[in-house]
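Okay, handing you the structure first.
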Amino acid sequence: MVRKTHKSYSPFTIHPSATHCLRQANANSASHSLFTNMQTYYYLVASQKFLREEEDLDEVFAERVRNYQEQAKEIDFWLIDRPAFLDAPELVNVKAKVPQPATGIISTNPQFITWLKLRLEFVATGEFQAPSATIPDPIGSLITV
């Protein structure tokens with residue numbers, strides 16, 4: 001299975017420097033020393049149909065992106081169709097509970113995920129450390145081109 005990353009983001013784009021940092025980290029993932037610099041990522045996952053069609057997240061993301069731009073903050077959240085992290089062995093139980101195909105919202109900000117969970121129903125939330133041996137690309141997607 002080919003993993004293609006950064007292809008299914010919508011309705012916003014990833015800040016270029018954030019993408020560069022993640023690509024740089026992924027390029028170095030062969031080195032085990034990188035795993036000592038792992039970041040905690042918080043996620044919310046649900047069925048793609050629910051997050052893409054039944055919930056109107058465009059306004060939420062547009063407002064958050066606008067707010068981040070005004071504050072000159074880097075984007076720290078991503079909307080990913082078929083998130084690759086769900087294939088990690090430690091997340092097999094989460095994947096089993098979420099109707100497939102899944103969509104995920106990943107962030108380094110736990111308060112954002114908590115806020116979304118309070119706003120949305122029928123979602124699973126949690127956290128993981130990456131990059132790691134089982135999750136080399138925290139915002140990777142299983143969508144192939």
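Computed from the coordinates by the stated procedures, all read-outs in this text should not be read as laboratory data. All of these numbers come straight from a predicted model, not from anything done at the bench. Ideal geometry is used to build each Cβ from the backbone, glycine not excepted, and the neighbour counts take in all protein chains shown.
Would you mind computing Rg(Cα) / (2.2 N^0.38 Å) for region 51-119, counting N as its residues? Can you show the working numbers first?
Details: Rg = 13.4 Å, N = 69, 2.2 N^0.38 = 11.0 Å.
Cα-based Rg divided by the globular estimate yields 1.22.
Give a residue-ordered list of calculated ³J(HN,Hα) values for region 84-97 (Karplus: 6.51 cos²θ - 1.76 cosθ + 1.60, θ = phi - 60°; whole Hz; x for Gly, Pro).
Using θ = phi - 60°, the values come out as 5, 4, 5, 7, 5, x, 6, 10, 4, 5, 5, 4, 5, 8 Hz.
Once each part is reduced to its C-alpha centroid, what is the distance from region 68-102 to region 103-139 in angstrom?
So the separation of the two Cα centres works out to 5 Å.
Under unit Cβ charges (Lys, Arg +1; Asp, Glu -1), what dipole magnitude, rounded to 20 debye, does region 38-112 have relative to its Cα centre? Display every interim value, and only then the final one.
Numbers: 8 positive and 13 negative charges, 56 e Å.
The dipole of region 38-112 has a size of about 260 debye.
Using R₀ = 22 Å, calculate the FRET efficiency as 1/(1 + (r/R₀)^6) where r is the Cβ-Cβ separation of Glu90 and Thr114; round to 0.05. Walk me through the numbers on the way to the answer.
Numbers: r = 21 Å, r/R0 = 0.96.
The computed FRET efficiency comes out at 0.55.
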